[in-house]
Every structure is written in structure tokens, then in C-alpha cells.
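Below is one structure, written out as C-alpha cells, with a few remarks after it.
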Protein chains: 2
Amino acid sequence: METHEQGFFTEENSADVVISRNAKAKNERLAEVMEVITRHLHAAVKEIEPTQEEWFEAIMFLTKTGQMCNDWRQEYILLSDVLGVSMLVDAINNRKPTGASESTVLGPFHVADAPELPMGANICLDQKGDPMLVRGRITGTDGKPIDHAKIDVWQANDEGFYDVQQKGIQPDFNLRGVFRTGPDGSYHFRGVKPKYYPIPDDGPVGQLLGKLGRHPYRPAHLHYILEAEGYETLVTHIFDPDDRYINSDAVFGVKQSLLARFDWVEDAERIKAAGMEGPYFEVVHDFVLVPKT
Amino acid sequence: METHEQGFFTEENSADVVISRNAKAKNERLAEVMEVITRHLHAAVKEIEPTQEEWFEAIMFLTKTGQMCNDWRQEYILLSDVLGVSMLVDAINNRKPTGASESTVLGPFHVADAPELPMGANICLDQKGDPMLVRGRITGTDGKPIDHAKIDVWQANDEGFYDVQQKGIQPDFNLRGVFRTGPDGSYHFRGVKPKYYPIPDDGPVGQLLGKLGRHPYRPAHLHYILEAEGYETLVTHIFDPDDRYINSDAVFGVKQSLLARFDWVEDAERIKAAGMEGPYFEVVHDFVLVPKT
């Protein structure tokens, strides 16, 4: 019976034995992925040395996380978010040359059919919150302005809620809009200063955050998708650097280059020149897109 | 704004940033476990470099695996089983001195209240399958027989099904029994030769096995829980070394020391001496328990 020995599972050879079983996989990429996952999974278990009770607790956590998911709640994406995996996958898929604007996660609140609005329009449809003017320029990495760039923007309101989270309370398409640049690549629109908000924390992921002494908040931000012919699409946010959670975004979405400045403008001349009705936050942020290769 | 820089997430420092957020965790063990998991998770993602589509496919696999679970189906344990994690956790928690019988996984088919039977009883209640006589001795690592050791045994039938999988088809408690050794530590009971069987493969885990070119079968085996005062409890199987799946158990439960021999006995003298009615499989297997320290 000695002939069996090399093939059997032991604590020492565990990952090798499991991986060797995938020799007949038809999908080479899947086999490659499972090899990496198996090696790291076994290495992690060997470092952790879980008791049977701890292992079962992990099984139940994974089970409950799946069972929390439904058509409008994706608890596994939340888990990926709070473990920094979503941002890591985003980073790997969006390496940018120096000088280009950086990406961050899309998030769950984008809607595909927001209305296209004339440049300068106010995306706040219910007059709630502190007025905000956002403006800047979209150029390529060569510094040239991009004509006809599409700016898809969305944001939470002054209480930290998106329209889709408050149907019947906020107007449909509140704080969403699509704009197109002209030949000078400039853009401007009006909104309200967004507020920090928690990711959904009434499920297994929220419980995990609590046990880890972590809060569920994301610092205030505006979402952008920027598209232009001949350029790579950019999915990103800009953040309020003075937000209390700017250094502890629950999903790790903040990057140095995505910090905007929210300047409170009270000067009557500037208010008039900007076409605003009273004091407002001014946010100036330029974007630099990468030409497609 | 330079002061923010060191704290923000980048592709390079990703795991460190995520781990640093757990500094206020009250449960030290959880923080330690999450540190190991985060490091390996990020390392695996960096090696794999998943596309956004692949990442979402993984999210959906984990979601569906959770949603497949119910009161009688635990798909995450199956996933742990087919990735060798269940056996690894078993190995870590059951390191044995040389000469002691080795453990393997409990599996989902143990029932707590099987009847205690007189030594030699037949646990096969429906006369289906090839008769089998199992016998051996239970000793400590010092070689001394163990008196009053409790032997809890259960097995699949000749078609690869446990009684609990075929309620109304098999009699209740078919192929299950509890025996107690006498002062010589010996045991014997009758059953039927078990057959290989598949783990449940109609869910996400079965689909994964299929894509990896793996089958879902476990080689034929008998389950044991051995308990004796003053000794560590042993949860294990013994396997048929001639089973077609002996080198490819879907859950990696086979160990060299757990291979029994299933000898087909046709000799009339031996049949008579064993108290059997006709030809039968004889399985002789001794167990060696470890004294509690």
C-alpha cells in the first residue's frame, strides 16, 4: 500500500495535494486562479491555526453574508469594500501615468439614465443644503482641453442620502446630471455640499466592523464618470478634505489626488460673478484623462 | 494636504492600510485573524490581478454559495471540504504522536442518538449488500487494551446512501451502532460493505468541481468516533484501499494509516469460525488512542 502515500493529504503538503487535483481543468485561467487562492488559503489557515469552533464561526459568517444579499443589497461587495479588496481590484485595473487623474470605486448608487443637462445647471432639485458650485477643466495628459467630454456626476444630499435611497422623499434624479464640455474642456454645475454617510451596517459586515472597532462611514464626496472619445473612461470621486472621516473611509476610496477644496464664499463680488444667489461652497477640480493606446 | 498622504490606500501599501484600521479592536484574537486574512487576501489579489468581471464573478460565487445553505445543506462546509480546508483544520487540531491512530473529518451524517448494541451485533437492518465483519482492538499508545471504550460507528449502504438520506427507504438507524469494549479492548460487529458516493454536487461547489475537471466522489469508508475515559476522543474513518476513488477523495479525507483491508472470505471453515452465514468481507483494524495529558 506504500504506492498511495505520496498522493494523500497531510498537514505539510496540503496545498500541493489540493492543487494537483485541478490538473484536468479545461479553463486554464480558473486553474491558475484556484492555485493562487488555494496556496494563500492554506497558508492563512496554517498561520491562524483555527480551532474547530473558530472555523465554524467563519463558515457561518460567510453563509450569513451570502444570505444577506438580495436584489438591492450586496453584502459580499460590502465585505470586499471594507477589506480593501474592491479598491485593490480598482487600482490594478486602473494604473495611470503620472499626471493623470486617479480612479476610485464606482459604488452602488450610479444610475444609467440620469438626464443630460445644460452646462451650469443645478442638479439639486429640492433646494435642501448648502449651495455648491463645482467647476474645472478636462484635459488630456498632453494638457490639451477635451471637447465633448461626457461628465456623469452624482452625489448624496446634505443628510448623506442618495435619491435612490429616499424614493418619495427626494425627487427622482435629485443630485444627478450628465454634462458635455465645449471646445475649451471646461465644466461647471451647481449642487449642494454632500455629507458623509454610513455604508449599510445592519448585516454581518457591519457586525464585523463593530467587532474590529471600525466605523461604517464614508467621507463626503461627489461621484464622476468621465468619458471622451479617444480617452480611457475614468470612474472616480472627489472628496472634502475637511470631512471628519477623510482619513478613515470605511471602503478606502480616498486618494491624495482626489482631495478637492470646498471653499466657503461669502464675498458679494464673487457671489455675483459666479451667478449665485448668496454664500456658497466653491469646488474647483480639474481632471486629466489618458489617451487610449 | 501632504499630511494625509501616508494614511491613504495605494496598490503598494493596501494590506497595511486595511490592517491599521483594526487598531481599536477589542477582541485581540479577531484582530490577529483578520490581519492574516487581509495579508493573504491582498497578496492573492495582487498575484491574480483579476479583471473587474472576474472579481464580480467571485462575488457572485460566494453569494450563491451562501444562498445555497439551509437547515439541511451547508454549501460553505462543502467548499471548505473540496478546498482541503476542513481536513487542514482537522489536522491542525489533531496532531498525534507516532503510533497513534489518525483522525479525519466528521462529515455531516453523524447522529447523536444511535442505539447501543451488544458486541457482535449486525448494524445492517435491511439485509441489503455484501455481509461484512469488522473487528479489531482498541489500545492506548502504551499498547495496553482499553476497557469500556465507546465505539460509535456509522456507514453508507451498498448504494452509497446513509439512512438519513433515505428516510422511509432505509430503516431508521440503519448501519449505525454504539459498542463498548470489554477488558481485552477488542470489538467486533457486522455490517455491509459500504460504497463510494458523491458529495452534493448540484450547487455552486459542484459546478466549481466540474469546471476544475474534478469528480465529487468519496471512496467507500466507515465512520468512527472512539471515546474512552482518560484518552483523547478520536473522530476518524477507515477506507477501502481498493475503491476506485481511494486516491482522489473529493474532500481529501484519506490517510495512509486509515486504509483498512476488506478481505473477501469464502473458506467454509473461516465462515463457520466467524459465525457468519456465508461468504463475507472481513475487515480487521486496530485503533490506538492517545492518553489525555
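The values are calculated or read from the model by the stated rules, or taken from the named source; none is laboratory data. None of the values given here were measured: they were computed from a predicted structure. Heads up, the Cβs are rebuilt from the backbone with ideal geometry, glycines too, and the neighbour counts pull from every protein chain shown. The protein model used for the area step is the full one, side chains on, heavy atoms only, and it has no ligands, DNA or RNA in it. Shrake-Rupley method; radii C 1.70, N 1.55, O 1.52, S 1.80 Å.
Exactly one condition in (1) in contact (Cβ under 8 Å) with a residue 24 or more places away in the chain; (2) out of contact with any Asp or Glu (no Cβ under 6 Å at 6 or more places or on another chain) is false for A:Val33; which is it? Checking A:Val33 against (1) in contact (Cβ under 8 Å) with a residue 24 or more places away in the chain; (2) out of contact with any Asp or Glu (no Cβ under 6 Å at 6 or more places or on another chain), the one that fails is (1). Taking the criterion of being crowded, with 19+ Cβ neighbours inside 10 Å, more than 12 Å from the chain's Cα centre (by Cα) and in a strand (DSSP E or B), the only residue of segment B:218-228 that qualifies is B:Leu226. Among the residues of segment A:62-74, is any in contact (Cβ under 8 Å) with a residue 24 or more places away in the chain and of a type in the set (A, V, I, L, M, F, W, C)? Within segment A:62-74, one or more residues are in contact (Cβ under 8 Å) with a residue 24 or more places away in the chain and of a type in the set (A, V, I, L, M, F, W, C).
Has segment A:96-111 got at least one residue that is surrounded by fewer than 16 Cβ atoms within 10 Å (Cβ to Cβ), under 29 Å from B:Val17 (Cβ atoms) and among the hydroxyl-bearing types (Ser, Thr, Tyr)? Among the residues of segment A:96-111, at least one is surrounded by fewer than 16 Cβ atoms within 10 Å (Cβ to Cβ), under 29 Å from B:Val17 (Cβ atoms) and among the hydroxyl-bearing types (Ser, Thr, Tyr), which makes the answer yes. Here segment B:229-255 is the region considered, the condition is being in contact with a Gly (Cβ under 8 Å, 6 or more places away or on another chain) and closer than 20 Å to B:Gly140 by Cα, and the residue that is most open to solvent (accessible area, probe 1.4 Å) is B:Tyr231.
So which residues in segment B:247-258 are at the interface with chain A (Cβ under 7 Å from one of its Cβ atoms) and among the hydrophobic types (A, V, I, L, M, F, W, C)? Across segment B:247-258, the qualifying residues are B:Phe252, B:Val254. Of all residues in segment A:1-33, those that are over 28 Å from B:Pro50 (Cβ atoms) and modelled with pLDDT under 95 total 8.
So that you can scan it fast, the table gives a plain yes or no per residue for (1) within 24 Å of B:Thr104 (Cβ to Cβ); (2) among the charged types (D, E, K, R); (3) part of a loop (DSSP other than H, G, I, E, B):
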{"site": "B:Gly129", "(1), (2), (3)": "yes, no, yes"}
{"site": "B:Asp147", "(1), (2), (3)": "no, yes, yes"}
{"site": "B:Trp154", "(1), (2), (3)": "yes, no, no"}
{"site": "B:Phe161", "(1), (2), (3)": "yes, no, yes"}
{"site": "B:Phe189", "(1), (2), (3)": "yes, no, no"}
{"site": "B:Pro200", "(1), (2), (3)": "yes, no, yes"}
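The test for being polar (S, T, N, Q), in a loop (DSSP other than H, G, I, E, B) and under 29 Å from A:Ser248 (Cβ atoms) holds for A:Thr98.
All conditions but one from (1) closer than 30 Å to A:Lys292 by Cα; (2) away from chain B (no Cβ under 14 Å); (3) open to solvent by 60 Å² or more (accessible area, probe 1.4 Å) apply to A:Arg261; the one that does not is (2).
Counting only residues that are within 23 Å of A:Gln155 (Cβ to Cβ) and within 13 Å of another protein chain (Cβ to nearest Cβ), which one in segment A:200-217 is least open to solvent (accessible area, probe 1.4 Å)? The qualifying residue least open to solvent (accessible area, probe 1.4 Å) is A:Pro216.
Which one of these is more than 7 Å from chain A (Cβ to nearest Cβ) and modelled with pLDDT of 95 or more: B:Val45, B:Val36, B:Val89, B:Val82? Steps first, answer last, please.
Values: B:Val45 fails: more than 7 Å from chain A (Cβ to nearest Cβ); B:Val36 fails: more than 7 Å from chain A (Cβ to nearest Cβ); B:Val89 fails: more than 7 Å from chain A (Cβ to nearest Cβ).
One residue alone meets the criteria, B:Val82.
Contact map, segment B:232-252: residues that are among the basic types (Lys, Arg) paired with residues that are assigned to a loop (DSSP other than H, G, I, E, B) and buried (at least 23 other Cβ atoms within 10 Å of the Cβ), Cβ distance under 9 Å, separation 6+ or inter-chain. Pairs shown: B:Arg244/B:Pro219. Considering each residue of segment B:144-156 in turn, none proves to be in contact with a helix residue (DSSP H, G or I) (Cβ under 6 Å, 6 or more places away or on another chain) and free of Cβ contacts under 8 Å to residues at least 60 places away in the same chain. Any chance segment A:122-142 includes a residue that's more than 13 Å from the chain's Cα centre (by Cα), of a type in the set (Val, Ile, Thr) and within 14 Å of chain B (Cβ to nearest Cβ)? There is no residue in segment A:122-142 that is more than 13 Å from the chain's Cα centre (by Cα), of a type in the set (Val, Ile, Thr) and within 14 Å of chain B (Cβ to nearest Cβ).
Every condition in (1) within 7 Å of chain B (Cβ to nearest Cβ); (2) at pLDDT 95 or above is met by A:Glu54 except one, and the failing one is (1). Being open to solvent by less than 70 Å² (accessible area, probe 1.4 Å) and within 7 Å of chain B (Cβ to nearest Cβ) is a description that does not apply to A:Ile19.
In segment A:101-123, what count of residues is obtained for those that are touching a Gly at 6+ places or on another chain (Cβ under 9 Å) and either among the aliphatic types (A, V, I, L, M) or part of a helix (DSSP H, G or I) (or both)? Break it down into steps so the answer makes sense when it comes.
Going residue by residue through segment A:101-123, those that are touching a Gly at 6+ places or on another chain (Cβ under 9 Å) are A:104-105, A:107, A:114-117, A:119-123.
Filter once more, so that each one left must be either among the aliphatic types (A, V, I, L, M) or part of a helix (DSSP H, G or I) (or both): A:105, A:114, A:117, A:119, A:121, A:123.
Final tally of qualifying residues: 6.
Among the residues here, B:Thr63 qualifies as open to solvent by less than 10 Å² (accessible area, probe 1.4 Å), modelled with pLDDT of 95 or more, over 19 Å from A:Gln52 (Cα atoms) and within 14 Å of chain A (Cβ to nearest Cβ).
If you check B:Val283, B:Val235, B:Val205, B:Val254 for being part of a loop (DSSP other than H, G, I, E, B) and not acidic (Asp, Glu), only one passes: B:Val254. The residue of segment A:264-280 that is modelled with the lowest pLDDT, among those that are surrounded by 14 or more Cβ atoms within 10 Å (Cβ to Cβ) and in a loop (DSSP other than H, G, I, E, B), is A:Met276.
So which of B:Thr293, B:Thr236 ends up being out of contact with any His (no Cβ under 9 Å at 6 or more places or on another chain) and within 23 Å of B:Pro97 (Cβ to Cβ)? Before the answer, list the steps.
Working: B:Thr236 fails: out of contact with any His (no Cβ under 9 Å at 6 or more places or on another chain).
Selected residue: B:Thr293, the only one of B:Thr293, B:Thr236 that is out of contact with any His (no Cβ under 9 Å at 6 or more places or on another chain) and within 23 Å of B:Pro97 (Cβ to Cβ).
When A:Pro171, A:Pro145, A:Pro118 are checked against the criterion of being over 23 Å from the mean Cα position of the chain (by Cα), more than 24 Å from A:Asp90 (Cα to Cα) and either surrounded by 15 or more Cβ atoms within 10 Å (Cβ to Cβ) or outside the structural domain of A:Glu227 (by TED's automatic domain parsing) (or both), a single residue qualifies: A:Pro145.
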